[in-house]
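What follows is a single structure, written as structure tokens, with notes after it.
The values are calculated or read from the model by the stated rules, or taken from the named source; none is laboratory data. From a predicted model like this one, the values you see are computed outputs, not experimental measurements. Here the Cβ positions follow ideal geometry from the backbone for every residue, glycine too, while neighbour counts run over all protein chains shown.
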Amino acid sequence: MRIEYHEFYSSSLNRMMPFKSYGHGGKPIIVFPSSGGSFYEYEDFGMIEACSSLIEEGVVRFYTPDSVDQESWLNKGKWPGDMARMHNAYDHYIVNELVPFIWAHSGWQGGFMTTGCSMGGYHSANFYFRHPDVFDSVIALSGLYDARFFVGNNLSDPDVYFNSPVDYLSNLNDLKYLEAYRHGNIIICTGLGKWEEDTIRDTRLLKDILDSKGVPAWIDFWGYDVDHDWTWWRVQMPYFLNSLRAQGKL
């Protein structure tokens, strides 16, 4: 398997941003770390190994950027709007700096996929829904989709509101976005086991919203023995990738 380390200076974040890539071809997948995690977390927790056959066959290629969560949604010393503006700087880095790099590096001509586990599930869904011109697929595992989890009930700042998928999607009527979602591949999954209470609530809410908008999505609730843990995410990710491949969507 081809594994490469990369870094370049981000003018959006005013720092060097490291990341790794895994694979030699196929659909690019941007992986967002779990809460405050690093760019090497996905490899360290065995997710790359779990998907290795698809990577080695050139079906997919993973890119694993670093996070800034400790300076955005997890920084409880900041006002909610300041949390969101730090996240928006990260959004600008991903979409306007990292994505062009990946286009050049991979030679891929189509849409990208987002994925992540736990807080990475939040990021993957939020990036997908905010940027359907870049991302045409998402696999969000055990994610939270309501910014109130990070900021309480204060959604008065527009920068917070527009990073809370269950809120901005509820009020979305823009056909350009809705048609993009209807032609995309949306997979939202959570277990029903330990530490999944918040993700179960948000996943059900997201399902209701997408249903109301006529947006097809694979919303999957796994068993009561399926906990909020890497053990299960290592099973889920290759399962969903192989399912998309069997459907001719990879």
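Some points to look at:
- For segment 162-171, a tally of residues being more than 18 Å from the chain's Cα centre (by Cα) and closer than 19 Å to H123 by Cα returns 1.
- Residues (among the polar types (S, T, N, Q) and in a helix (DSSP H, G or I)) located in segment 163-201: S170, T199
Conditions (1) touching a helix residue (DSSP H, G or I) at 6+ places or on another chain (Cβ under 8 Å); (2) at pLDDT 95 or above; (3) farther than 30 Å from Y161 by Cβ; (4) of a type in the set (S, T, Y), marked per residue:
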residue: H6; (1), (2), (3), (4): yes, yes, yes, no
residue: F19; (1), (2), (3), (4): yes, yes, no, no
residue: H24; (1), (2), (3), (4): no, yes, yes, no
residue: P28; (1), (2), (3), (4): yes, yes, no, no
residue: G36; (1), (2), (3), (4): yes, no, no, no
residue: M47; (1), (2), (3), (4): yes, yes, yes, no
residue: Y63; (1), (2), (3), (4): yes, yes, no, yes
residue: D66; (1), (2), (3), (4): no, yes, no, no
residue: E71; (1), (2), (3), (4): yes, yes, no, no
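- Pick from segment 160-188, criterion free of Cβ contacts under 8 Å to residues at least 40 places away in the same chain and touching a Gly at 6+ places or on another chain (Cβ under 8 Å), ranking: farthest from L141 (Cα to Cα): L178
- The sole residue among S72, S137 that is of a type in the set (S, T, Y) and over 23 Å from G36 (Cβ atoms) is S137.
- Of residues in segment 126-162 being in a loop (DSSP other than H, G, I, E, B) and of a type in the set (D, E), the one farthest from V215 (Cα to Cα): D157
- Members of segment 76-113 that are of a type in the set (A, V, I, L, M, F, W, C), in a loop (DSSP other than H, G, I, E, B) and touching a strand residue (DSSP E or B) at 6+ places or on another chain (Cβ under 6 Å): W108
- Leading residue by the ranking (nearest to G116 (Cα to Cα)) among those in segment 31-48 that are under 13 Å from the mean Cα position of the chain (by Cα) and among the polar types (S, T, N, Q): S34
- Taken over segment 217-247, the criterion of being of a type in the set (D, E, K, R), under 25 Å from E57 (Cα atoms) and either over 16 Å from the mean Cα position of the chain (by Cα) or crowded, with 19+ Cβ neighbours inside 10 Å (or both) is satisfied by R245 alone.
Listed here are the residues, each with its yes/no results for (1) of a type outside the set (A, V, I, L, M); (2) surrounded by 14 or more Cβ atoms within 10 Å (Cβ to Cβ); (3) on the phi > 0 side of the Ramachandran plot; (4) part of a helix (DSSP H, G or I).
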site	(1), (2), (3), (4)
E7	yes, no, no, no
L13	no, yes, no, no
K20	yes, yes, no, no
I30	no, yes, no, no
Y42	yes, yes, no, yes
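- Filtered by the rule that a residue be small (G, A, S) and on the phi < 0 side of the Ramachandran plot, segment 204-219 gives S212, A217.
- The residues of segment 205-250 that are under 30 Å from W108 (Cα atoms), among the charged types (D, E, K, R), touching a residue at least 40 places away in the same chain (Cβ under 8 Å) and not in a helix (DSSP H, G or I) amount to a single one, K249.
- Hits in segment 119-141 (condition: farther than 16 Å from V166 by Cβ and small (G, A, S)): G120, S137
- Members of segment 44-75 that are among the aliphatic types (A, V, I, L, M), out of contact with any strand residue (DSSP E or B) (no Cβ under 6 Å at 6 or more places or on another chain) and either surrounded by fewer than 15 Cβ atoms within 10 Å (Cβ to Cβ) or in a helix (DSSP H, G or I) (or both): M47, A50
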